[in-house]
Amino acid sequence: MLKSMGMAAAVLAAAQAAPASAQEFPERGIEFVAGYGPGGGHDTMLRSMAKIMQEEGIIETPINVINKPGGSSAVAMGYLNSRAGDGHYLMSVTSSHITTPLTSNIGLDFSDFTPIARLGIDPELLVVNAAGPYKSIDDLLKADKVLNVGGTATGSIEHIVAIQFQKQTGKKVNFVPFQGDGDVVAALLSNQLDFIVTNPGTARDFIEAGKFNALAISTEERIDALPDVPTFKEQDIDITLSLYRGVTAPADISDEAKAYLIEKMSELNESAAWKSGYLDPNSVVEGFITGDEFEAYLEETQGVYRETLTELGIIK
């Protein structure tokens, strides 16, 4: 009897001690995963994040940034998927997090991960040559021709915005894909195109120099960096697509890990160093949302991409 009571007391004492001895999250350093090579947008964002978060004391455990390029982020998605249940991994995500699963058979999509935060957006601008005939959206709509529109790559966000413009206005467009932003800009400067769809980082210097005019931006409201540029919505064109920049974690992580990661991303977003050290230099617009709201945004974005890419014949 005394022996049984002693064993019961030992079990009770062990149970009471367990929570106190359990390690809180994080138990080790955190790994930031870039789906593209060094120097690209994913890599730049994550290395800026790591530097600011450590210098500002937002995350005190070590942060290691690794690159897993290949397959337009498919390799990184597979890598993160193999870490399911472990919140010590964060992957950078942009539009390829939606388009790669839609256009290739990788067996994964955004719903197979844990959305943590959208950290900013690269809006899309409709830009014309300032020396050309178009001074407003109405001028474009009144043009007695199919409009030649430039952007980067078939199926890119620029292509999708151009097709959305056609759908919303009824004005026929011919999308002309280019290898990079520099080629797009050169084509507009030489009047080979009626307009281009591009991001503020590409067009801003040309707008400030008076060579280009931006006639619309794809944000919900005007942005501080370009306060004179009206939104598409102001002009009764329902386009609010932007290239988002965010982070996602593996599936099935603990509630504690998810809450921690969202809290740390919120602290980063509130840091002046984040705005001055990453957002402003890279012409990224603030657009912070987290958790369930970010997941809903991804679901809505996937719907628009799927519909447009199907119409373009890129997917079936």
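A compact table of results
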quantity	calculated
L102 paired with Q54, simple spin-label distance in nm, labels 7 Å along Cα-to-beta-carbon	3.7 nm
Antiparallel bridge percentage (DSSP; both residues within the chain; nearest 5)	60 percent
In region 165-226, GluC sites (Glu not before Pro) in a DSSP loop with at most 14 other beta-carbon atoms within 10 Å	E220, E221
Nearest-20 debye value, region 216-296 charge dipole, Cβ charges on Lys, Arg, Asp, Glu	340 debye
log₁₀ of I(q)/I(0) at q = 0.07, 0.08, 0.11, 0.15 Å⁻¹ - the chain, Debye sum with one point per alpha carbon	-0.33, -0.42, -0.72, -1.20
Amide H contacts under 5 Å for Y244, placed H, 5+ residues apart	S95, D122
Dipole magnitude (debye, nearest 20) for the chain, charges at Cβ of Lys, Arg, Asp, Glu	760 debye
Region 29-91, Cα convex hull volume normalised per residue, Å³	62 Å³
T114 long-range amide H proximity, modeled H, under 5 Å	A249, A251
Whole-number accessible area per residue in Å² for the chain, which is evaluated in the context of all protein chains at 1.4 Å	47 Å²
Using a Förster distance of 25 Å, the FRET efficiency for K275-K233 (Cβ separation, nearest 0.05)	0.50
E221-K171 FRET efficiency (beta carbon distance; Förster radius 22 Å; 0.05 resolution)	0.35
Value of Rg/Rh across region 146-237 [Cα atoms, Kirkwood radius]	0.94
Estimated FRET transfer efficiency when R0 is 41 angstrom, pair A153-D255 (beta carbons, to 0.05)	0.60
Amide N of region 130-154 lying under 19 Å from the label point, which is placed 7 angstrom from the Cα of Q179 along Cα→Cβ	150-154
Only Lys, Arg (+1) and Asp, Glu (-1) charged, at Cβ; region 21-80 dipole about Cα centre in debye	280 debye
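The values are calculated or read from the model by the stated rules, or taken from the named source; none is laboratory data. On a predicted model such as this, the values are computed, not experimentally measured, just so you know. Methodologically, a virtual Cβ is constructed for each residue, glycine included, from the backbone with ideal geometry; neighbour enumeration extends over all protein chains shown. Areas reflect the complete protein model, heavy atoms only, side chains present, ligands, DNA and RNA absent. Shrake-Rupley method; radii C 1.70, N 1.55, O 1.52, S 1.80 Å.
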